[in-house]
Amino acid sequence: MAETTVPPVDAPTEPSEKSKKAGGTSTLARMARYTAVRVVALFLTVLVGVYLSILVANMGGHVDDLRLGTIRETVAIGVSMDPDSRRLSRAERDQLINELVQIEVRRLGLDRPFLIRSFEFLQDAMTLNLGRSETMTSDSGSRLVRNIILERLAPTLLLMATSNIFLFFGSLFFALALSRQYGSLIDRAIIALAPTSAAPGWFYGIFMILLFAAVWAVLPFGGMVDAPPPEDPIAYGLSVLRHLTLPASAIVISALFISIYNWRTFFLIYSSEDYVEMAKAKGLSSRQIERRYILRPTLPTIIANFALTLIGLWTGSIVLETIFNWPGLGRLLFSAISVFDTPVIIGSVVIYAYLLALTVFLLDFLYALVDPRIKVGGGDRAR
């Protein structure tokens, strides 16, 4: 009779193909479930945010009363300027004005309750059907909100991207170098100058206009290009650069020192970890320690800050662009708020909300790529 050999109980066994497939399937199912939950959650967040923006932009329907007054005033002026209507009696003229007002009210849908129209606005906004502006037009004469926003997008991206990207990377690398000089003279100087960032960019912009434009007359007061614009492309680019200098510098100066101080403190915290001290004891160079033991574990935070910086480029700066007469989205939003142009206001908010939700969604997956301890959809962390 043949002997039967029984393997040891604790002998390692290779995972079967069936278990591998089951594990892969469960991972895909977990990622799909997590993705669906995140998409639904972000969509509901955008939905609530956009609807609240609609209520605020219309002041709960109070803007409708202002629009009715504007419609009646416009119709009354038009009727009074019409030579044929002057032959009518006062009662006939009032009746004509009321009829024309009612026609305009029905055309704009103001004869229906605001609550019903607010949900129609919400549907159009969520489907990116931004519609037509009520009072504002683009430089080309279009009243489509999409064209108005796209026309102002390039100047805002030029100003905000130039200043904020320079601010982000400049403060990041300067703070990394500063973290190696803890307690030095320049370190104490940065700490002392950090409170100057309490003032916004437009505050510094006013003084820069006073000095560089009014007193020394070396830079223009505002605008984006000389009037009339130069025909030569090189001269046009230099003109834009001259006009860009003051507003971009105001943004950088207003946030530079506090940004350096924050990143410097952040890097100092990671520089005091035990594994960094061990790396120093092994004799690794400062660059190797920074690259492997400081920048690598802080990469998720750096990516998140950079992504939010890119999203912030879209909003522009309302007060700063108005002070420098910069034709961007910030100034557009200020003008839209001034004239209660709800479609333009909602259009700007909707696009920003979608971009923010998309960024938050992508950041979850970027975290998993740069940090192996993070698994999308949960699961055990790497040990």
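The values are calculated or read from the model by the stated rules, or taken from the named source; none is laboratory data. Please read all numbers here as calculations on a predicted model, not as lab measurements. Here Cβ is always computed from backbone atoms with ideal geometry, including for glycine, and neighbour counts include all displayed protein chains.
Scan the range 260-283 for residues that are touching a Phe, Trp or Tyr at 6+ places or on another chain (Cβ under 8 Å) and in a loop (DSSP other than H, G, I, E, B) and jot them down.
Glu273, the sole residue that qualifies.
For the range 337-350, give me the residue count where each residue is surrounded by 20 or more Cβ atoms within 10 Å (Cβ to Cβ) and not in a loop (DSSP other than H, G, I, E, B). Talk me through it step by step, then tell me what you get.
Residues of the range 337-350 surrounded by 20 or more Cβ atoms within 10 Å (Cβ to Cβ): 341-350.
Now restrict to residues that are not in a loop (DSSP other than H, G, I, E, B): 342-350.
Final tally of qualifying residues: 9.
Take the range 321-371 and flag every residue that is on the phi > 0 side of the Ramachandran plot and in contact with a Leu (Cβ under 7 Å, 6 or more places away or on another chain).
Going through the range 321-371, the residues on the phi > 0 side of the Ramachandran plot turn out to be 325, 340.
Of everything in the range 321-371, just one residue is on the phi > 0 side of the Ramachandran plot and in contact with a Leu (Cβ under 7 Å, 6 or more places away or on another chain), namely Phe340.
Which condition does Gly170 not pass, out of (1) more than 18 Å from the chain's Cα centre (by Cα); (2) buried (at least 16 other Cβ atoms within 10 Å of the Cβ); (3) of a type outside the set (A, V, I, L, M, F, W, C); (4) outside the structural domain of Leu44 (by TED's automatic domain parsing), if it passes all the others?
Here Gly170 meets the rest and fails (2).
Assigned to a helix (DSSP H, G or I) and more than 26 Å from the chain's Cα centre (by Cα): is that true of Ala194 in this structure?
On the way: assigned to a helix (DSSP H, G or I): yes; more than 26 Å from the chain's Cα centre (by Cα): no.
No: the conditions fail for Ala194.
I'd like the full set of residues that are under 26 Å from Ala357 (Cβ atoms), assigned to a helix (DSSP H, G or I) and of a type outside the set (Phe, Trp, Tyr), limited to the range 48-64. So that I can check it myself, show each step before the final result.
Initial filter on the range 48-64 (under 26 Å from Ala357 (Cβ atoms)): 48-60.
If we keep only those that are assigned to a helix (DSSP H, G or I) as well, we get 48-57, 59-60.
Residues satisfying the conditions are Val48, Gly49, Val50, Leu52, Ser53, Ile54, Leu55, Val56, Ala57, Met59, Gly60.
Just checking, which of Arg86, Arg93, Arg67, Arg106 is part of a helix (DSSP H, G or I), touching a helix residue (DSSP H, G or I) at 6+ places or on another chain (Cβ under 9 Å), of a type in the set (Lys, Arg) and under 19 Å from Asp341 (Cα atoms)?
Working: Arg86 fails: under 19 Å from Asp341 (Cα atoms); Arg93 fails: under 19 Å from Asp341 (Cα atoms); Arg106 fails: touching a helix residue (DSSP H, G or I) at 6+ places or on another chain (Cβ under 9 Å).
Checking each option against the conditions leaves just Arg67.
Tell me yes or no: at least one residue of the range 373-381 is assigned to a helix (DSSP H, G or I) and either closer than 24 Å to Gly201 by Cα or modelled with pLDDT under 85 (or both).
Pass one, the range 373-381, residues assigned to a helix (DSSP H, G or I): none.
No, there is no match, as no residue in the range 373-381 is assigned to a helix (DSSP H, G or I) and either closer than 24 Å to Gly201 by Cα or modelled with pLDDT under 85 (or both).
Conditions first: (1) part of a helix (DSSP H, G or I); (2) modelled with pLDDT under 85. Thr322 passes all but one, so which condition is the exception?
The failed condition is (2).
Scan (1) touching a residue at least 60 places away in the same chain (Cβ under 8 Å); (2) under 17 Å from Val50 (Cβ atoms) for the single condition Thr359 breaks and write down its number.
Unmet for Thr359, out of (1) touching a residue at least 60 places away in the same chain (Cβ under 8 Å); (2) under 17 Å from Val50 (Cβ atoms): (1).
Hey, among Gly237, Gly283, Gly223, which residue is within 30 Å of Trp202 (Cβ to Cβ) and surrounded by fewer than 14 Cβ atoms within 10 Å (Cβ to Cβ)? If you could, list the steps in order and put the result at the bottom.
Values: Gly283 fails: within 30 Å of Trp202 (Cβ to Cβ); Gly223 fails: surrounded by fewer than 14 Cβ atoms within 10 Å (Cβ to Cβ).
Going through Gly237, Gly283, Gly223 in turn, the sole match is Gly237.
Would you say Arg146 is basic (Lys, Arg) and surrounded by 16 or more Cβ atoms within 10 Å (Cβ to Cβ)? Full working, then the answer.
Details: basic (Lys, Arg): yes; surrounded by 16 or more Cβ atoms within 10 Å (Cβ to Cβ): yes.
When the stated conditions are applied, Arg146 passes them.
Quick check: anything in the range 309-318 within 29 Å of Arg67 (Cα to Cα), at pLDDT 85 or above and assigned by TED's automatic domain parsing to the domain that holds Gly170?
Checked the range 309-318: at least one residue is within 29 Å of Arg67 (Cα to Cα), at pLDDT 85 or above and assigned by TED's automatic domain parsing to the domain that holds Gly170.
Out of the residues in the range 238-284 that are over 25 Å from the mean Cα position of the chain (by Cα) and among the polar types (S, T, N, Q), state the one that is farthest from Arg180 (Cα to Cα).
Ser239
Give all pairs with beta carbons closer than 7 Å in which a residue from the range 212-238 that is farther than 18 Å from Asn325 by Cα meets a residue that is polar (S, T, N, Q); count only pairs at least 6 apart in sequence or on separate chains.
Once the first residue is farther than 18 Å from Asn325 by Cα and sits in the range 212-238, its partners that are polar (S, T, N, Q) give Pro230/Ser239.
Taking Leu130 and the conditions (1) surrounded by fewer than 17 Cβ atoms within 10 Å (Cβ to Cβ); (2) in a loop (DSSP other than H, G, I, E, B), which numbered condition does it fall short on, given that it satisfies the others?
(1)
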